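Worksheet: one structure, shown below.
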Amino acid sequence: MSAAPRWEAEGRTWPNRADSRFVETARLRWHVQIMGPDNAPVMLLLHGTGAATHSWRDLAPLLATRFRIVAPDLPGHGFTRGRPAGGLAMPEMARAVGDLMTALGCDPAVIVGHSAGAAIAIRMALDGVASPCAIVGLGAALLPIPGLAGVLFPSLARALFVNPFAPHVFARLARTPGEAARFLARSTGSRIDAVGIACYERLFATSGHCAGAITMMADWDLPALKRDLPRLGIPLLLVHGAGDSAIPLSNARQAAAIIPSARLVSLPGLGHLAHEEKPGDVALLITEFAGEVC
């Protein structure tokens, strides 16, 4: 199995493949999917840790009826190659995505981020990398996980980061039949379709993708983001599955309470991958919010 996902192999039947292109910036070769009318407002979609553009497979085409969609694989993930200067820490990721948008010659009117992608979206706004009129966080990972887990998980990620064998171990486990589906259900509280599971299986089975996810977690500094959240003045919609087993709904409520511009919508019966479970419902929430505030 390859060290990193290969476009000609793992990407051969990738969702929305016809909308894919590869874009060069400093130190990076991005895989990006672009769809929707040329003259429509630009909506930037940022996936979460361990995912890639397939996470938007059903949501992006729905949003593309109203917006020009730009959805990249983040550095260290999917079919994007290279590393930003400074690694995969949040500010560096935000700047790298900003460089990509500059290379594409477009400014996002709306940024939608899932999980860690929501943190990058907010960091972009706080750091002046982008000036959207709205941000939407889906299962947003904005605050440190409460309790002992919040102490152990960052330390564990850093320990795995320095272990060169860790990505290979994870990739080997992911090749066990059915293991990726069990892991997704257990860790997210979501039940997604067979197409989505197959994409995650292909990614998880490559040590390069696993290494990117571990590195990103090891470099993440959510306490610093928490300190800055009250400064966010851009309208923010948090959409959170009530059954999210990765980021508790209570975490989203706490984030909404400290961000003056935020409002929270809870989706009963859905998990961390709510946008993959019910893309139509999530698309409606996003378009209505964008139409109201932009």
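Of note:
- Annotation for D221 and E179: the two label points, set 7 Å from Cα along the Cα-Cβ direction, are 3.4 nm apart.
- Judged by a Cβ-Cβ distance under 4.7 Å, the unpaired cysteines of the chain are C106, C199, C210.
- Between A246 and H272, the built amide H atoms are under 5 Å apart, and every one of these is 5 or more places off in sequence or on another chain.
- Based on DSSP H segments of at least four residues, each scored -39500 (n - 2.57), the chain has a per-residue ellipticity at 222 nm of -12500 deg cm²/dmol.
- For the chain, convex hull volume per residue from C-alpha positions, Å³: 116
- Highest average packing first - 237-243, 186-192, Cβ atoms within 10 Å: 237-243, 186-192
- Computed across the stretch 38-127, the Kirkwood radius stands at 13.1 Å (inverse of mean 1/r, all Cα pairs).
All of the numbers you see were taken from the coordinates with simple rules; none came from a lab. The structure displayed is predicted, hence computed values, not measured ones. Glycine gets a Cβ as well: all are built from the backbone with ideal geometry, and neighbour counts include every protein chain shown.
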